[in-house]
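The values are calculated or read from the model by the stated rules, or taken from the named source; none is laboratory data. Every value quoted in this text rests on a predicted model; they were computed, and no experiment measured them. Cβ placement follows ideal geometry from the backbone for every residue including glycine, while neighbour counts extend to all protein chains displayed.
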Amino acid sequence: MTVSLKPVSDVKIGVIGLGRTGRKVLERMRIRSAWDVDAVCYDCDLEVMGVSSPWFGCECLGVGMLHGLGCGGQVELGQSVAFGSEEAVRAWLVGKSMVVMLLGAGGGFSGGFAPEVADWAKEMGIPVLCVASMPFSFEGISRIDSARRTIDILRDSSMAVVTVEMDDMLLWAGDESWAQPVIELGLDWMQHAAASILGLVEEDGLFAFDLTTLRQVFDLGFSKTLFITGEGEGQNAVDDAISQIMGFADLRLPDSEVIVDRMLVALNGGASLGVADVNRINQTISKRFRKPARSFFGATIEEGDAKVSIGVFLSIGLGGGEQGQSVVSDGGSTGDPEGGSVPAARTRPLKPTGGEKGDAQGYFDVLIRESNRGVFEDTEPNLVNGEDLDVPTFLRRGIRIKT
Amino acid sequence: MGTAKVSILVAELSPPSKLKIIGRAMVPSRGIRKGRVLNVREATTCVHRAIREAEKSAGVNLKSLYMSISGSHLKGELQVGKAQVSHSARIVTDYDVGRAVEEAKRRDLGPDRVFVQYIRNPFLLDGKKVDEPYSLRGNEIQACFWAVHADARVLREQMQIVNSFVSRIDDIFLSSLVVGRVLTSEEQRQSGVLVLDIGAGTTDFVLYGDGYVLMTGVLDVGGDHITNDLSVAFKIPWESAERLKVDYGKATPVEGPADDWVWLRGDLSIGDRRFSKRAIQRVIHARMEELFQLVRRAILPVLEREDLRCSALMTGGVARLTAIENLAGQVLKMPAASGRNPDWVINELQVPEMSNVLGQVQFALQDYSDSVSGSRKTPGLFGKVKGFWSK
């Protein structure tokens, strides 16, 4: 077996960390020197920014407006900072093939800043993958609502939004856990999600996986993506990693609750990882998630690494993305610390998913097959005038249903 | 014994013909789909549970019961028997009518099917409709029956399930007939009325005109098909599709703004999704429009033959669908409304799902009165399925 670690030279990925969460995830990321990755951290809070890391720069924005203080949870302020920094951010985006944005949803800065960056990137034709943490439910309904609004907007303008829910982390770590380890766990998962994607695209691994393939994985339009990860080391590394994936899935995704549209399994292991192991991982995970309509598999090898880590991205199409639809309307204006007026949060129109893409993705293929009989699969055909009435009428009549 | 539920009403009869409902039970159905038993064990369990609950509710032990049947294995057809009037003065006698009736019922169905109901239609005396031909003058008498026959195996399975808990089934009725009886008045049956019972697994319909049952029919399409369509369209589990149907289902053509969205659960958890109300309506409208078109196609020959102008009444769980009357009216090309159970029943029984059992109670009362007075004309269960158990 030949394993090439040659970087894919023409793919330059930008990684943006927003706010405190974004910075912490960036600090955790294992970015390999061979990767062509350009990373930056943006915030408006000087205290959080600190100093730049060797591999990513830090920029404190909106100092003139906020004096280096934070947004205090006000999304409008984060948005104002974005408006004032548009030129600089756009300049940074130039030349990027893809952007991975890391943020903690629910915060004022990231909530206002991230959607604008995603919009600009989209205008520039750069796909954006967001990895966002959702706040604990005990952080209060207003913070959760704010996070949901941010995620909703990002879903519209990004290729995908991978959410890591802190409540899930608490559940996974156990109720007895202290808050700090749970937060650390969440940050670890976020970095794992981002690093999995970077590794797949940047490495020439076991299976060919490029940016085009990645876009196919998440090309669902308005969708929701859950990330699950498992890690193992030593003789039972594969089994341990699989059992962690299954354990979390059982905890979070009862079998009857979820039908997954797309699944991406990103595998990273040492040179001893055999093809049989890879097959076993693929089959076990596919079976657990009911063989989604489209599954993708990517694997990268790190020489000398005895660890096996598996990242599973599960995407579910949410429908929508119709032109003119309003997702968020936060009316009113807010006071400026300098006494000036800050633009009111705008009503964000949902952008069309793009004519061709929207048309292709928004509708089902009209296929009349036995498998379309749903729960009547095991019953005799219900034939009237030559038509099987158990097959949904909209399919037999070729009626397009926007999903 | 329906796809969604097994319902039992317990009624107390007292001479001369008074009836009091003393108990009831309604349990979710299992193992029955589209009027057929798919899983005998599951079906048996839920029927048993329903009987136990009914007995407990009424405080009596059920020794016998009446049962209604449905499913597309039931087929109906008009059977006509002719006889020449034998009297020298051309006066129709019992003998002539008897010969015509005998010929009408002579048809052999083969071993797999069994007649379950002969519904008398008007006699034709020299081609002219008459209710009672006796003592009238004419040359030829024709006896007409709307005859319904069933798949013997399907019927036997259903009866065996019930028979394992009660010692006797007094009679079996067509589901459409019992519902038709309870929802319509004599005046409506005279002027013409179509009754649709749209349940979870099947749609039973009966068409009345001139006071007679002109035809009955069953389509294996019901509320479950709407749920299944939604489940397939949006790739969501059955329970979620059912929730969408109940909460946002509407039968009328697509209307409302394009950006009218609903969330499945609304908590943004994984598995929660949003759906366009228009898309939901589009799926449901397609199914319901097709259903009414199929019914229209089935009854059209009778409507044209009888030159009938009638209205439609609907019942069953699907009759709760918003704006279903509008769609039914448009497609069936007749005024349509939701049927109402009789005023004499308590509020808890004033729901579409109870129409069937209430109709059976009415039929049972009729059956009882006829047997007491000795005027019973229908053969009863034994007569209907004579030789059935030996097959």
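Quick notes on this one:
- Screening segment B:206-224 for residues that are touching a Lys or Arg at 6+ places or on another chain (Cβ under 6 Å) and not acidic (D, E) and picking the one that is surrounded by the fewest Cβ atoms within 10 Å (Cβ to Cβ) gives B:G211.
- Whenever a residue of segment A:373-387 is within 12 Å of B:V221 (Cβ to Cβ), its partners that are part of a helix (DSSP H, G or I) and among the aliphatic types (A, V, I, L, M), lying with C-beta atoms within less than 7 angstrom and at least six residues away or across chains, give the pairs A:V384/B:L294.
- Yes/no for A:L206 being within 30 Å of A:S272 (Cα to Cα), at pLDDT 85 or above and either part of a helix (DSSP H, G or I) or not acidic (D, E) (or both): no
- Exclusive hit being touching a Gly at 6+ places or on another chain (Cβ under 8 Å), among the small types (G, A, S) and more than 14 Å from chain A (Cβ to nearest Cβ), set B:A58, B:A11: B:A58
- Among (1) more than 21 Å from A:L395 (Cβ to Cβ); (2) surrounded by fewer than 17 Cβ atoms within 10 Å (Cβ to Cβ); (3) not aliphatic (A, V, I, L, M), the one test that B:E306 misses: (2)
- Taking segment B:104-200 and the strands (runs of 3 or more DSSP E) fully enclosed by it, the elements with 1 or more residues that are closer than 30 Å to A:V375 by Cβ are at B:113-120, B:140-151, B:168-174, B:193-198.
- Of residues in segment A:281-301 being in contact (Cβ under 8 Å) with a residue 12 or more places away in the chain and out of contact with any helix residue (DSSP H, G or I) (no Cβ under 7 Å at 6 or more places or on another chain), the one farthest from the other protein chains (Cβ to nearest Cβ): A:I301
- Looking across segment A:385-403, the residues that are at the interface with another protein chain (Cβ under 8 Å from one of its Cβ atoms) and within 36 Å of the chain's Cα centre (by Cα) come down to A:P392, A:T393, A:F394, A:L395, A:I399, A:I401, A:K402, A:T403.
- Scanning segment B:1-28 for residues being under 20 Å from the mean Cα position of the chain (by Cα), among the polar types (S, T, N, Q) and part of a loop (DSSP other than H, G, I, E, B) gives a total of 1.
- When B:F363 is tested against (1) modelled with pLDDT of 90 or more; (2) in a helix (DSSP H, G or I); (3) under 17 Å from the mean Cα position of the chain (by Cα); (4) not basic (K, R), only condition (1) is not met.
- Among the residues examined, A:R294 qualifies as within 30 Å of B:R243 (Cβ to Cβ), at pLDDT 75 or above and in contact with a Lys or Arg (Cβ under 6 Å, 6 or more places away or on another chain).
- Taking segment A:1-69 and the helices (runs of 4 or more DSSP H) fully enclosed by it, the elements with 2 or more residues that are at pLDDT 85 or above are at A:19-28.
- Residues satisfying the stated conditions in segment B:2-41, i.e. touching a residue at least 60 places away in the same chain (Cβ under 8 Å) and on the phi > 0 side of the Ramachandran plot: B:K34, B:G35
- Top-ranked residue of segment A:375-384 - restricted to ones that are facing chain B (nearest Cβ under 8 Å) and under 19 Å from B:H73 (Cβ atoms), ranked as modelled with the lowest pLDDT: A:D378
- Residue count for segment B:192-246 under the criterion of being touching an Asp or Glu at 6+ places or on another chain (Cβ under 8 Å), polar (S, T, N, Q) and within 14 Å of chain A (Cβ to nearest Cβ): the result is 4.
- Restricted to segment B:102-143, and to residues there that are within 19 Å of B:D210 (Cβ to Cβ) and of a type in the set (S, T, Y), the residue that is surrounded by the most Cβ atoms within 10 Å (Cβ to Cβ) is B:Y118.
- When each of B:R309, B:R273, B:R305 is tested for being within 11 Å of chain A (Cβ to nearest Cβ) and farther than 21 Å from B:A251 by Cα, the lone residue that passes is B:R273.
- So A:P135, is it surrounded by fewer than 24 Cβ atoms within 10 Å (Cβ to Cβ), touching a strand residue (DSSP E or B) at 6+ places or on another chain (Cβ under 9 Å) and in contact (Cβ under 8 Å) with a residue 60 or more places away in the chain: no
- If the condition is being in contact (Cβ under 8 Å) with a residue 60 or more places away in the chain, of a type in the set (G, A, S) and closer than 13 Å to A:R20 by Cβ, then segment A:100-132 contributes A:G104, A:G107, A:S110.
- The listed residue being within 14 Å of chain A (Cβ to nearest Cβ), over 16 Å from the mean Cα position of the chain (by Cα) and surrounded by fewer than 16 Cβ atoms within 10 Å (Cβ to Cβ), out of B:L264, B:L300: B:L300
- Residue match in segment B:247-266 (condition: part of a helix (DSSP H, G or I) and at pLDDT 80 or above): yes
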